[in-house]
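Below is one structure, written out as structure tokens, with a few remarks after it.
The values are calculated or read from the model by the stated rules, or taken from the named source; none is laboratory data. Just so it is clear, the model here is predicted, and its values are computed rather than measured. Here the Cβ is made from the backbone with ideal geometry for all residues, glycine too, and neighbour counts use every protein chain on show.
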Ligand code: ADP
Ligand code: MG
């Protein structure tokens, strides 16, 4: 069953005006469509600045799109501040990168986990206490840690508390924005495994945002790769890893350190992407090793491929490569 739908969603930020009165526009999310079903995980990956966090904020209604529509359970997202929007806040939770920033240093673990239940007026104090104990256990913390303060915990434990709090109101959807990026590499896998367990236990749908394609693949049923505000490839992770169809996805995968591979690893070349100066045609063309003439002028549509995947590349689809390939 469909839980979240984003339909050609756009969000543009207008930055400072120049002396000529022009404002610079940043097309942070530039026509993103996606569907997330109940209990499923969609991974959103791409380099820093490609619009992942903006897409996450749009998905949970913290920001409104300039164009397009976000629907939750088939209903268009309510306007911020309205009653239906406030009710939705209990059903959709966001988890950010920095657990210390998300927690209040002056409050105990117990108080912080119960907080959403108090805010949303769900249950009695005795029920809050019971629920807090259940959640603490679910995220792998000891009962006595309920009385501790954030500074007494490790980074991994803090993120566990943040997760417990996010689950307090029994949400349908968890949007995790780089949830393990601030943690030690040794702890990252533990928290990712925990997320997988929690998802199964609580029947959560998850939008898992990360710059790390490999990490997303551990959890996601489907992965969407973003480049400068657009999805350029989407499909099941094992298919994407085995045979990335978009040159950008190939570059991202090649940039993942592989201890088994010898020699220098390929990295993305060219200018880092700047959403305020989006290249013409396919936005990836200045960095693309296989770009041809059409890539500079025409933006490729996101089209279905053979194995249930969608790809936005002039050269990825059968027939196109043979007729248009060749250096430009
Ligand atoms: P990511 O999460 O993939 O790193 P973001 O969604 O944070 O990307 O940002 C996408 C682009 O939009 C960036 O160029 C960023 O500077 C810009 N941006 C994001 N939020 C704002 C904002 N509130 N005001 C102005 N520009 C923003
Ligand atoms: Mg971000």
Unique match (being more than 16 Å from ligand 2 (Cβ to nearest atom) and either touching a strand residue (DSSP E or B) at 6+ places or on another chain (Cβ under 8 Å) or modelled with pLDDT under 95 (or both)) among 219, 228 = 219
remark   = Restricting attention to segment 55-68, the residues that are within 11 Å of ligand 2 (Cβ to nearest atom) and buried (at least 24 other Cβ atoms within 10 Å of the Cβ) number exactly 1
message = Scan segment 15-24 and tell me whether some residue there is within 16 Å of ligand 1 (Cβ to nearest atom), part of a strand (DSSP E or B), at pLDDT 90 or above and surrounded by fewer than 20 Cβ atoms within 10 Å (Cβ to Cβ).
response = no
Top-ranked residue in segment 195-250 [being assigned to a loop (DSSP other than H, G, I, E, B) and more than 17 Å from residue 47 (Cβ to Cβ); ranked as nearest to the chain's Cα centre (by Cα)] = 220
